[in-house]
Amino acid sequence: MQQKIRMGMIGGGKQAFIGAVHRMAANLDGLIELCCGALSSNPETAKESGKDLFLPANRSYRSYKEMFVAENQLPENERMHFVSIVTPNHLHFEPAMMALEHGFNVVIDKPITFSLAEAKALQQKVEETGLLLCLTHTYAGYPMVKQAKQMVKEGAFGKIRKVCVEYPQGWLSQPAQGDNKQAAWRTDPSKSGISGCMGDIGTHAAQLAEYISGLEISKICADLNIVVAGRALDDDGNILLKFNNGANGILMASQIAAGEENALKIYVYGEKGGLEWHQMEPNTLIVKWLDQPTQIYRTGNGYLTNIAKHNTRTPAGHPEGYLEAFANIYKNFALTLMAKQNGVQPSPEMLDFPDAKDGVRGMAFIENVVASSKSDLKWFDFKI
(Lines give C-alpha, C1' and ligand atoms only; values in the text may rest on other atoms or scores of the structure.)
Protein backbone atom coordinates (compact mmCIF):
# COMPACT_ATOMS: atom_id res chain seq x y z
CA MET A 1 0.00 0.00 0.00
CA GLN A 2 1.28 3.45 -0.90
CA GLN A 3 2.11 5.52 2.17
CA LYS A 4 3.86 8.75 3.03
CA ILE A 5 7.52 8.67 3.96
CA ARG A 6 7.88 9.38 7.69
CA MET A 7 10.63 11.81 8.72
CA GLY A 8 12.30 12.44 12.06
CA MET A 9 14.39 15.54 12.65
CA ILE A 10 17.46 16.29 14.77
CA GLY A 11 17.90 20.00 15.49
CA GLY A 12 15.78 22.66 13.84
CA GLY A 13 13.78 23.73 16.89
CA LYS A 14 13.07 27.16 18.35
CA GLN A 15 15.21 30.00 16.91
CA ALA A 16 16.80 27.70 14.32
CA PHE A 17 16.84 28.88 10.69
CA ILE A 18 17.55 25.92 8.45
CA GLY A 19 15.25 23.44 10.20
CA ALA A 20 12.14 25.31 9.06
CA VAL A 21 13.48 25.38 5.50
CA HIS A 22 13.98 21.61 5.57
CA ARG A 23 10.45 21.05 6.88
CA MET A 24 8.89 23.26 4.21
CA ALA A 25 10.92 21.57 1.49
CA ALA A 26 10.09 18.07 2.73
CA ASN A 27 6.39 18.92 2.88
CA LEU A 28 6.04 20.64 -0.50
CA ASP A 29 5.19 17.60 -2.63
CA GLY A 30 3.07 15.77 -0.06
CA LEU A 31 5.35 12.73 -0.04
CA ILE A 32 6.84 13.22 3.44
CA GLU A 33 5.41 13.87 6.89
CA LEU A 34 7.24 14.87 10.07
CA CYS A 35 6.42 12.23 12.68
CA CYS A 36 9.01 12.73 15.42
CA GLY A 37 12.02 14.78 16.44
CA ALA A 38 14.78 15.61 18.86
CA LEU A 39 14.68 19.28 17.97
CA SER A 40 17.31 20.77 20.28
CA SER A 41 20.35 19.77 22.31
CA ASN A 42 18.52 21.38 25.25
CA PRO A 43 15.95 18.78 26.43
CA GLU A 44 13.37 21.36 27.50
CA THR A 45 13.68 23.34 24.27
CA ALA A 46 13.39 20.07 22.36
CA LYS A 47 10.06 19.27 24.04
CA GLU A 48 8.72 22.82 23.58
CA SER A 49 9.70 22.78 19.91
CA GLY A 50 7.92 19.47 19.43
CA LYS A 51 4.75 20.94 20.89
CA ASP A 52 5.01 23.96 18.56
CA LEU A 53 5.15 21.56 15.59
CA PHE A 54 2.19 19.50 16.87
CA LEU A 55 4.27 16.37 17.36
CA PRO A 56 2.79 13.74 19.71
CA ALA A 57 4.29 14.19 23.17
CA ASN A 58 5.64 10.65 23.19
CA ARG A 59 7.48 11.24 19.90
CA SER A 60 8.99 14.59 20.82
CA TYR A 61 12.26 13.34 22.23
CA ARG A 62 14.77 14.95 24.58
CA SER A 63 17.79 13.62 22.67
CA TYR A 64 18.53 11.90 19.38
CA LYS A 65 19.86 8.85 21.25
CA GLU A 66 16.49 8.49 22.96
CA MET A 67 14.76 8.94 19.61
CA PHE A 68 16.68 6.19 17.80
CA VAL A 69 16.09 3.65 20.55
CA ALA A 70 12.39 4.48 20.89
CA GLU A 71 11.66 4.65 17.16
CA ASN A 72 13.43 1.36 16.56
CA GLN A 73 11.04 -0.31 19.01
CA LEU A 74 7.90 0.92 17.26
CA PRO A 75 6.05 -1.28 14.75
CA GLU A 76 7.46 -1.00 11.24
CA ASN A 77 4.32 0.74 9.97
CA GLU A 78 4.71 3.53 12.58
CA ARG A 79 8.42 4.23 12.99
CA MET A 80 10.22 6.89 10.97
CA HIS A 81 11.77 5.94 7.65
CA PHE A 82 14.57 8.50 7.74
CA VAL A 83 16.04 11.24 9.87
CA SER A 84 16.91 14.76 8.74
CA ILE A 85 19.96 16.18 10.56
CA VAL A 86 19.95 20.00 10.61
CA THR A 87 22.53 20.74 13.31
CA PRO A 88 25.85 22.64 13.18
CA ASN A 89 28.72 20.75 11.52
CA HIS A 90 30.24 19.26 14.69
CA LEU A 91 26.92 17.54 15.46
CA HIS A 92 26.50 15.73 12.12
CA PHE A 93 28.60 12.58 12.37
CA GLU A 94 27.46 10.87 15.56
CA PRO A 95 23.70 11.08 14.92
CA ALA A 96 24.14 10.13 11.26
CA MET A 97 26.21 7.08 12.18
CA MET A 98 23.76 6.10 14.92
CA ALA A 99 20.84 6.43 12.50
CA LEU A 100 22.49 4.10 10.00
CA GLU A 101 23.35 1.62 12.76
CA HIS A 102 19.68 1.56 13.80
CA GLY A 103 18.47 1.00 10.25
CA PHE A 104 17.32 4.52 9.38
CA ASN A 105 18.04 6.38 6.14
CA VAL A 106 19.61 9.83 6.49
CA VAL A 107 19.24 13.32 5.04
CA ILE A 108 21.97 15.63 6.25
CA ASP A 109 22.86 19.27 5.77
CA LYS A 110 26.20 20.07 4.17
CA PRO A 111 29.06 19.80 4.84
CA ILE A 112 28.44 16.17 5.66
CA THR A 113 30.68 16.02 8.74
CA PHE A 114 33.32 17.84 10.75
CA SER A 115 36.26 16.07 9.08
CA LEU A 116 37.17 14.01 6.03
CA ALA A 117 37.83 10.95 8.19
CA GLU A 118 34.28 11.11 9.55
CA ALA A 119 32.87 11.52 6.03
CA LYS A 120 34.70 8.42 4.83
CA ALA A 121 33.40 6.44 7.82
CA LEU A 122 29.83 7.47 6.98
CA GLN A 123 30.27 6.55 3.33
CA GLN A 124 31.55 3.12 4.34
CA LYS A 125 28.59 2.60 6.68
CA VAL A 126 26.16 3.57 3.90
CA GLU A 127 27.77 1.00 1.61
CA GLU A 128 27.66 -1.66 4.34
CA THR A 129 23.99 -1.10 5.20
CA GLY A 130 22.58 -0.37 1.75
CA LEU A 131 20.66 2.54 3.27
CA LEU A 132 20.27 5.93 1.59
CA LEU A 133 22.13 9.09 2.54
CA CYS A 134 21.14 12.38 0.93
CA LEU A 135 23.17 15.57 1.24
CA THR A 136 21.26 18.84 0.83
CA HIS A 137 23.38 20.73 -1.69
CA THR A 138 20.40 22.93 -2.52
CA TYR A 139 21.65 24.49 -5.73
CA ALA A 140 21.82 21.11 -7.48
CA GLY A 141 18.02 21.08 -7.18
CA TYR A 142 17.22 24.00 -9.51
CA PRO A 143 15.57 23.01 -12.83
CA MET A 144 17.93 25.15 -14.91
CA VAL A 145 20.96 23.67 -13.17
CA LYS A 146 19.58 20.26 -14.20
CA GLN A 147 19.17 21.59 -17.74
CA ALA A 148 22.75 22.86 -17.79
CA LYS A 149 24.13 19.54 -16.53
CA GLN A 150 22.20 17.57 -19.15
CA MET A 151 23.32 19.80 -22.01
CA VAL A 152 26.95 19.38 -20.97
CA LYS A 153 26.46 15.61 -20.56
CA GLU A 154 24.95 15.33 -24.04
CA GLY A 155 27.99 17.11 -25.54
CA ALA A 156 26.21 20.28 -26.66
CA PHE A 157 29.31 22.36 -25.88
CA GLY A 158 31.95 19.80 -26.80
CA LYS A 159 34.86 19.17 -24.46
CA ILE A 160 34.67 21.41 -21.40
CA ARG A 161 37.64 23.77 -21.16
CA LYS A 162 36.93 26.20 -18.34
CA VAL A 163 34.68 26.43 -15.28
CA CYS A 164 34.33 29.62 -13.25
CA VAL A 165 32.16 29.78 -10.14
CA GLU A 166 31.75 32.65 -7.69
CA TYR A 167 29.81 32.85 -4.45
CA PRO A 168 29.95 36.29 -2.82
CA GLN A 169 27.91 37.18 0.27
CA GLY A 170 28.17 40.27 2.47
CA TRP A 171 26.51 39.20 5.73
CA LEU A 172 29.79 38.75 7.63
CA SER A 173 31.37 42.02 6.43
CA GLN A 174 31.40 43.28 10.03
CA PRO A 175 31.96 41.49 13.35
CA ALA A 176 28.80 39.69 14.45
CA GLN A 177 26.60 41.83 16.66
CA GLY A 178 24.40 40.61 19.51
CA ASP A 179 22.93 37.13 19.65
CA ASN A 180 23.55 36.06 16.04
CA LYS A 181 23.56 32.26 16.39
CA GLN A 182 24.17 31.67 12.69
CA ALA A 183 27.31 33.81 12.68
CA ALA A 184 28.47 32.52 16.06
CA TRP A 185 28.77 28.84 15.19
CA ARG A 186 29.96 29.39 11.62
CA THR A 187 32.95 31.40 12.83
CA ASP A 188 33.80 29.02 15.69
CA PRO A 189 36.39 26.34 14.79
CA SER A 190 35.03 24.01 17.48
CA LYS A 191 31.64 23.95 15.73
CA SER A 192 32.34 24.78 12.09
CA GLY A 193 35.61 22.92 11.54
CA ILE A 194 38.89 24.03 9.97
CA SER A 195 37.29 26.45 7.50
CA GLY A 196 34.66 29.16 7.70
CA CYS A 197 33.71 30.64 4.33
CA MET A 198 35.03 27.76 2.23
CA GLY A 199 33.37 25.18 4.46
CA ASP A 200 30.06 27.03 4.46
CA ILE A 201 29.61 28.30 0.89
CA GLY A 202 32.79 27.28 -0.94
CA THR A 203 31.61 23.67 -0.73
CA HIS A 204 28.39 24.66 -2.52
CA ALA A 205 30.40 26.33 -5.29
CA ALA A 206 32.72 23.35 -5.71
CA GLN A 207 29.84 20.87 -5.78
CA LEU A 208 27.99 22.96 -8.37
CA ALA A 209 31.09 23.16 -10.58
CA GLU A 210 31.55 19.40 -10.53
CA TYR A 211 27.82 18.67 -10.83
CA ILE A 212 27.19 20.75 -13.97
CA SER A 213 30.50 20.02 -15.70
CA GLY A 214 30.51 16.30 -14.90
CA LEU A 215 34.20 16.70 -14.05
CA GLU A 216 36.18 16.31 -10.84
CA ILE A 217 38.62 18.81 -9.38
CA SER A 218 42.12 17.29 -9.52
CA LYS A 219 44.42 20.14 -8.48
CA ILE A 220 44.00 23.41 -6.58
CA CYS A 221 45.96 26.54 -5.74
CA ALA A 222 44.22 28.25 -2.84
CA ASP A 223 44.52 31.58 -1.08
CA LEU A 224 42.30 31.89 2.01
CA ASN A 225 41.94 35.14 3.92
CA ILE A 226 40.70 36.38 7.29
CA VAL A 227 39.55 39.91 6.48
CA VAL A 228 37.58 40.90 9.60
CA ALA A 229 39.99 41.32 12.52
CA GLY A 230 39.64 38.83 15.34
CA ARG A 231 38.12 36.00 13.31
CA ALA A 232 39.54 32.51 13.77
CA LEU A 233 38.41 31.15 10.38
CA ASP A 234 38.59 32.32 6.76
CA ASP A 235 35.85 34.66 5.60
CA ASP A 236 37.14 35.02 2.02
CA GLY A 237 39.12 33.02 -0.52
CA ASN A 238 40.24 32.52 -4.12
CA ILE A 239 41.13 29.18 -5.70
CA LEU A 240 42.62 28.22 -9.06
CA LEU A 241 41.29 24.85 -10.24
CA LYS A 242 42.35 22.07 -12.57
CA PHE A 243 39.91 19.32 -13.55
CA ASN A 244 40.44 15.69 -14.42
CA ASN A 245 39.94 16.27 -18.18
CA GLY A 246 42.59 19.02 -18.32
CA ALA A 247 40.13 21.93 -18.01
CA ASN A 248 41.01 24.81 -15.73
CA GLY A 249 38.88 27.07 -13.59
CA ILE A 250 38.45 29.62 -10.84
CA LEU A 251 36.45 29.48 -7.62
CA MET A 252 35.85 32.56 -5.50
CA ALA A 253 33.88 32.54 -2.27
CA SER A 254 33.53 35.44 0.14
CA GLN A 255 31.29 36.40 3.05
CA ILE A 256 32.77 39.90 3.36
CA ALA A 257 31.62 41.15 -0.08
CA ALA A 258 29.70 44.09 1.34
CA GLY A 259 26.38 44.68 -0.38
CA GLU A 260 26.08 41.20 -1.87
CA GLU A 261 23.17 38.97 -0.86
CA ASN A 262 23.57 35.41 -2.19
CA ALA A 263 25.14 36.00 -5.58
CA LEU A 264 26.18 32.49 -6.61
CA LYS A 265 27.06 32.38 -10.32
CA ILE A 266 28.63 29.76 -12.57
CA TYR A 267 30.09 29.89 -16.07
CA VAL A 268 31.02 26.74 -18.02
CA TYR A 269 32.81 26.95 -21.40
CA GLY A 270 33.42 24.21 -23.96
CA GLU A 271 34.78 24.01 -27.49
CA LYS A 272 31.47 25.00 -29.12
CA GLY A 273 29.95 27.38 -26.58
CA GLY A 274 29.15 27.88 -22.94
CA LEU A 275 26.51 28.57 -20.32
CA GLU A 276 25.86 30.98 -17.49
CA TRP A 277 23.53 30.59 -14.48
CA HIS A 278 22.82 32.99 -11.60
CA GLN A 279 21.22 31.74 -8.39
CA MET A 280 19.42 35.03 -7.81
CA GLU A 281 17.79 34.72 -11.28
CA PRO A 282 17.32 30.95 -11.15
CA ASN A 283 14.66 30.46 -13.83
CA THR A 284 17.05 31.63 -16.55
CA LEU A 285 19.92 29.76 -18.20
CA ILE A 286 22.03 31.78 -20.64
CA VAL A 287 23.51 29.66 -23.43
CA LYS A 288 26.24 31.13 -25.64
CA TRP A 289 27.43 29.69 -28.95
CA LEU A 290 30.59 30.17 -30.97
CA ASP A 291 28.68 30.54 -34.24
CA GLN A 292 25.10 31.45 -33.20
CA PRO A 293 23.34 34.20 -31.24
CA THR A 294 23.06 33.84 -27.46
CA GLN A 295 19.98 31.93 -26.31
CA ILE A 296 17.86 32.32 -23.19
CA TYR A 297 16.41 29.11 -21.74
CA ARG A 298 13.57 29.48 -19.23
CA THR A 299 12.08 27.11 -16.65
CA GLY A 300 8.75 25.47 -17.50
CA ASN A 301 9.04 25.42 -21.27
CA GLY A 302 8.52 22.37 -23.49
CA TYR A 303 11.94 22.56 -25.13
CA LEU A 304 13.75 21.64 -21.90
CA THR A 305 15.18 18.21 -21.09
CA ASN A 306 13.14 15.60 -19.23
CA ILE A 307 15.25 15.96 -16.09
CA ALA A 308 14.60 19.71 -15.98
CA LYS A 309 10.88 19.05 -16.42
CA HIS A 310 10.91 16.40 -13.68
CA ASN A 311 12.18 19.07 -11.27
CA THR A 312 9.68 21.77 -12.32
CA ARG A 313 6.26 22.26 -10.70
CA THR A 314 4.75 25.35 -12.32
CA PRO A 315 4.09 26.61 -15.88
CA ALA A 316 6.57 28.91 -17.59
CA GLY A 317 6.68 32.40 -16.12
CA HIS A 318 5.83 31.32 -12.58
CA PRO A 319 8.93 31.76 -10.42
CA GLU A 320 10.45 28.71 -8.76
CA GLY A 321 13.20 29.43 -6.27
CA TYR A 322 15.16 28.31 -3.25
CA LEU A 323 12.42 26.37 -1.46
CA GLU A 324 11.42 24.52 -4.63
CA ALA A 325 15.05 23.63 -5.35
CA PHE A 326 15.44 22.41 -1.78
CA ALA A 327 12.20 20.45 -2.17
CA ASN A 328 13.54 18.75 -5.32
CA ILE A 329 16.32 17.21 -3.23
CA TYR A 330 13.75 15.84 -0.78
CA LYS A 331 11.35 14.75 -3.53
CA ASN A 332 13.96 12.73 -5.41
CA PHE A 333 15.21 11.17 -2.18
CA ALA A 334 11.63 10.24 -1.16
CA LEU A 335 10.81 8.79 -4.59
CA THR A 336 13.98 6.69 -4.46
CA LEU A 337 13.12 5.46 -0.97
CA MET A 338 9.56 4.59 -2.10
CA ALA A 339 10.90 2.70 -5.10
CA LYS A 340 13.23 0.69 -2.88
CA GLN A 341 10.38 -0.11 -0.49
CA ASN A 342 8.32 -1.39 -3.41
CA GLY A 343 11.16 -3.42 -4.90
CA VAL A 344 11.34 -1.19 -7.97
CA GLN A 345 14.50 0.16 -9.57
CA PRO A 346 14.57 3.97 -9.09
CA SER A 347 14.75 6.00 -12.30
CA PRO A 348 17.77 8.22 -13.07
CA GLU A 349 15.57 11.26 -12.29
CA MET A 350 14.80 9.88 -8.82
CA LEU A 351 18.44 9.09 -8.09
CA ASP A 352 19.52 12.63 -8.95
CA PHE A 353 20.37 13.92 -5.47
CA PRO A 354 23.74 14.49 -3.75
CA ASP A 355 24.91 11.50 -1.72
CA ALA A 356 27.71 10.25 0.54
CA LYS A 357 30.26 10.45 -2.27
CA ASP A 358 29.46 14.14 -2.72
CA GLY A 359 29.87 14.53 1.04
CA VAL A 360 33.32 12.95 0.98
CA ARG A 361 34.40 15.16 -1.92
CA GLY A 362 33.07 18.21 -0.06
CA MET A 363 35.12 17.43 3.03
CA ALA A 364 38.14 16.67 0.86
CA PHE A 365 37.65 20.06 -0.80
CA ILE A 366 37.73 21.81 2.58
CA GLU A 367 40.82 19.99 3.86
CA ASN A 368 42.73 20.32 0.57
CA VAL A 369 41.92 24.02 0.24
CA VAL A 370 43.13 24.75 3.78
CA ALA A 371 46.30 22.68 3.21
CA SER A 372 46.95 24.37 -0.14
CA SER A 373 46.51 27.83 1.36
CA LYS A 374 49.14 27.01 3.99
CA SER A 375 51.52 25.48 1.45
CA ASP A 376 54.20 27.14 -0.66
CA LEU A 377 53.38 24.84 -3.58
CA LYS A 378 51.72 26.50 -6.54
CA TRP A 379 49.64 23.41 -7.33
CA PHE A 380 48.34 21.07 -4.67
CA ASP A 381 46.97 17.65 -5.64
CA PHE A 382 43.34 17.14 -4.64
CA LYS A 383 43.64 14.19 -2.24
CA ILE A 384 40.82 12.06 -0.82
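The values are calculated or read from the model by the stated rules, or taken from the named source; none is laboratory data. If you're wondering where the values come from, they're calculated on a predicted model, not measured in any experiment. When we count neighbours, we look across all protein chains shown, and the Cβ atoms used for this are built from the backbone with ideal geometry, even at glycine.
A few points about this structure:
- Some residue of region 31-40 being more than 23 Å from A356 (Cβ to Cβ), touching a residue at least 60 places away in the same chain (Cβ under 8 Å) and within 23 Å of the chain's Cα centre (by Cα): no
- Set side by side, the residues L351, L337 differ, and just one is more than 22 Å from L215 (Cα to Cα), assigned by TED's automatic domain parsing to the domain that holds H90 and either crowded, with 23+ Cβ neighbours inside 10 Å or among the aliphatic types (A, V, I, L, M) (or both), which is L337.
- Restricting the search to helices (runs of 4 or more DSSP H) fully inside region 167-264 and requiring at least 1 residues that are out of contact with any Pro (no Cβ under 9 Å at 6 or more places or on another chain) and acidic (D, E) gives 203-213.
- Taking every residue in region 1-29 that is without any contact (Cβ under 8 Å) to a residue 60 or more places away in the chain and pairing it with any residue that is in a helix (DSSP H, G or I) and of a type in the set (S, T, Y), at least 6 positions away or on another chain, the pairs with Cβ-Cβ distances below 7 Å are G13/T45; G13/S49; K14/T45; K14/S49.
- Cβ-Cβ contacts under 8 Å between residues 6 or more apart (or on different chains), taken from a first residue in region 78-94 that is free of Cβ contacts under 8 Å to residues at least 40 places away in the same chain to a second residue that is assigned to a loop (DSSP other than H, G, I, E, B) and buried (at least 24 other Cβ atoms within 10 Å of the Cβ), are listed as H92/P111; H92/I112; H92/T113; F93/T113.
- Under the condition of being in a loop (DSSP other than H, G, I, E, B) and touching a helix residue (DSSP H, G or I) at 6+ places or on another chain (Cβ under 9 Å), the residues counted in region 278-291 number 3.
- Residue selected from region 206-225 under the condition touching a residue at least 40 places away in the same chain (Cβ under 8 Å) and polar (S, T, N, Q), by the criterion surrounded by the most Cβ atoms within 10 Å (Cβ to Cβ): S213
- Test: residue in region 167-180 that is assigned by TED's automatic domain parsing to the domain that holds L290, surrounded by fewer than 16 Cβ atoms within 10 Å (Cβ to Cβ), of a type in the set (S, T, Y) and on the phi < 0 side of the Ramachandran plot: no
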